[in-house]
Amino acid sequence: MGDSLVRMQMTIPPIEGIEDVPVAAVEALAAKMGFKPDRVQDIVQALTEACVNAIIYSESDADVEVIMLARQNSLILEVRDQGVGFEPDEVPAPNFELISELGVKNGGFGIHMIKALVDQLEIESSNKGTVVRMSTFLSKPEKQS
Amino acid sequence: MTHSSFLQDELKISPQEENNKVLLKLEGALSATTVPYFRQTVQPYLDRSVGEIVLDFSGVTKIVSRGVGAAIDIAVQVKKVGGKLRVVNIGKFSRSLYIQGVHLVAEVPELEGFEP
């Protein structure tokens, strides 16, 4: 077994609220892997955001896939949807000065939040769908000299 | 996206008003589904310029960024009329609230070691 990859996958329909199911599974997995409770919560929150985005922006009944890739030192979560996609580089960072003056009328800061909660975030998006890949490490990989 | 009544997130808000202050105890999910109800419940207190709104998160089971955004919006609105928003018992949601900047517009319990 050793450091072999454990892969699990869950498919959910784009129904509001159903993200709780894969989130509960990932919460159990992250705790079992040895992540501390605050890191487990970070992972839970990041996955919740990614699933909610996939569900909210889904324009069909196409399923959302949640893929869990666990190794001894890392947990990689992928949320794959078949929505219309977006341009990740065009999502602005929140302007806290402006927000403090005007408030928030629509939406949130899902991508900003995910980025702050996980160690690595990669987003691949096209008009055929989006893959959000979130990586969290149990300990930081040692630098090669 | 579709809705399913038996799977949908739920939020219950119980108000306790005293003088110029209202304590809103939240139980359930502060999610995209429940944000409209959250805003609608708080609005009358904003309209009446209540001096202090306290959100008690001890019964909150889930939050999403939209929900946090709504709380920020309420904080900004209450500030404009000379009041303040306080969020208490934030527990495991502390980091998520700080990441979105709630501490910049509302009173929240201190979070040690938070780096934006």
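The values are calculated or read from the model by the stated rules, or taken from the named source; none is laboratory data. Nothing here was measured: the structure is a model prediction, and the numbers come from that model. Cβ atoms come from the backbone with ideal geometry, glycine included; neighbour counts cover every protein chain shown. Accessible surface is based on the protein model in full, side chains and every heavy atom, while ligands, DNA and RNA are left aside. Shrake-Rupley method; radii C 1.70, N 1.55, O 1.52, S 1.80 Å.
Odds and ends about this structure:
- Residue under evaluation A:Arg133, criteria (1) within 14 Å of chain B (Cβ to nearest Cβ); (2) outside any loop (DSSP other than H, G, I, E, B); (3) out of contact with any Leu (no Cβ under 6 Å at 6 or more places or on another chain), criterion not met: (1)
- Options A:Ile67, A:Ile76: the member that is assigned to a strand (DSSP E or B), among the β-branched types (Val, Ile, Thr), open to solvent by 30 Å² or more (accessible area, probe 1.4 Å) and over 15 Å from B:Ser31 (Cα atoms): A:Ile76
- Against the numbered list (1) within 7 Å of chain A (Cβ to nearest Cβ); (2) surrounded by 14 or more Cβ atoms within 10 Å (Cβ to Cβ); (3) without any contact (Cβ under 8 Å) to a residue 40 or more places away in the chain, B:Thr41 comes up short only at (1).
- In the range A:79-130, the residues that are outside any loop (DSSP other than H, G, I, E, B), away from every other protein chain (no Cβ under 12 Å) and surrounded by 14 or more Cβ atoms within 10 Å (Cβ to Cβ): A:Val79, A:Arg80, A:Pro88, A:Leu121, A:Ile123, A:Ser125, A:Gly129, A:Thr130
- Of the residues making up the range B:71-88, at least one is on the phi > 0 side of the Ramachandran plot and either more than 9 Å from chain A (Cβ to nearest Cβ) or aromatic (Phe, Trp, Tyr) (or both).
- Residue list for the range B:60-84, restricted to those being open to solvent by 70 Å² or more (accessible area, probe 1.4 Å) and either modelled with pLDDT of 95 or more or of a type in the set (Asp, Glu) (or both): B:Thr61, B:Lys84
- Picking from residues in the range A:30-64 that are over 27 Å from B:Phe114 (Cα atoms) and outside any helix (DSSP H, G or I), the one that is nearest to the other protein chains (Cβ to nearest Cβ) is A:Ser58.
- Yes/no for B:Ser49 being over 28 Å from A:Cys51 (Cα atoms), away from every other protein chain (no Cβ under 14 Å), polar (S, T, N, Q) and not in a strand (DSSP E or B): yes
- Every pair of residues 6+ apart whose Cβ atoms lie under 7 Å, when the first sits in the range B:90-109 and is touching a residue at least 12 places away in the same chain (Cβ under 8 Å) while the second is assigned to a helix (DSSP H, G or I) and among the aromatic types (Phe, Trp, Tyr): B:Gly101/A:Phe96
- Pairing residues of the range A:5-29 that are in contact (Cβ under 8 Å) with a residue 24 or more places away in the chain and within 14 Å of chain B (Cβ to nearest Cβ) with residues that are assigned to a strand (DSSP E or B) and open to solvent by 20 Å² or more (accessible area, probe 1.4 Å), at Cβ distances under 6 Å and at least 6 apart in sequence or on separate chains, gives A:Ile15/B:Thr2; A:Pro22/A:Met10.
- The condition of being buried (at least 19 other Cβ atoms within 10 Å of the Cβ), touching a residue at least 24 places away in the same chain (Cβ under 8 Å) and under 16 Å from the mean Cα position of the chain (by Cα) holds for only one of A:Val52, A:Val40, that being A:Val52.
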